[in-house]
Amino acid sequence: MTDFIREGRLFRVSGFNPSHRLLFLTSEATLVDGTTTRVEVSFGHVELMFLKPLYRKGLHIRRATAAEFGVLSERHGIPAEDSAYTWILDPEGESFVVSAHPSWREAEYALMGERESLYDGPWPPEFPAESGHVS
């Protein structure tokens, strides 16, 4: 299993497209947290989400444990077949998304030029970047 961990960064909910059921979380390069990269996380086929607008201590995206899913399923009526698609976003387990496997992209902000998002334009880009999926 591959988790997505970016601790100590400020992430924000940067967009949701209801017609395509796409959710985006973004962390900008900031002097406050001493980062130089932009990180974007994408969730596709979103069925349900319980989010904070900001994640000040970073993200740790992982699949919900059986115990966590049991609580969420009972509380929010999530069907059992969605257990493999329920993602916890923070160490406290207070935020979650039911969706397809999340993906992420990260690149040095200074190299992005005019590009506003790592999910816009061709991939891979003409500058060094990293990407992956949470599984």
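The values are calculated or read from the model by the stated rules, or taken from the named source; none is laboratory data. The model shown is predicted, which means the values in this text are computed figures rather than measured ones. Don't worry about glycine lacking a Cβ; one is built from the backbone with ideal geometry, like all the others, and counts go over all protein chains shown. These accessible areas exclude ligands, DNA and RNA; they are computed on the full protein's heavy atoms, side chains included. Shrake-Rupley method; radii C 1.70, N 1.55, O 1.52, S 1.80 Å.
Table for the structure above
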| read-out | value |
| --- | --- |
| Which listed residue, of A67, A29, is open to solvent by 60 Å² or more (accessible area, probe 1.4 Å) and not in a strand (DSSP E or B) | A67 |
| Count of residues meeting criterion [open to solvent by less than 40 Å² (accessible area, probe 1.4 Å) and over 14 Å from D90 (Cβ atoms)] in the stretch 45-58 | 1 |
| The lone exception for S42 - which of (1) in contact (Cβ under 8 Å) with a residue 60 or more places away in the chain; (2) assigned to a loop (DSSP other than H, G, I, E, B); (3) surrounded by 13 or more Cβ atoms within 10 Å (Cβ to Cβ) it fails | (2) |
| The stretch 88-106 residues that are among the small types (G, A, S), paired with ones that are open to solvent by 20 Å² or more (accessible area, probe 1.4 Å) (beta carbon under 6 Å, 6 or more apart) | G93/E68; S95/F50; S95/L51; S95/K52; S99/H45; A100/H45; S103/H133 |
| Conditions (1) assigned to a strand (DSSP E or B); (2) open to solvent by 60 Å² or more (accessible area, probe 1.4 Å); (3) not small (G, A, S); number of the one not met by H20 | (1) |
| So G34, is it open to solvent by 60 Å² or more (accessible area, probe 1.4 Å), on the phi > 0 side of the Ramachandran plot and of a type in the set (G, A, S) | yes |
| Among (1) more than 13 Å from F24 (Cα to Cα); (2) in a loop (DSSP other than H, G, I, E, B), the one test that S117 misses | (1) |
| Within the stretch 73-128, considering residues that are over 21 Å from I61 (Cα atoms) and aliphatic (A, V, I, L, M), the one surrounded by the most Cβ atoms within 10 Å (Cβ to Cβ) | M112 |
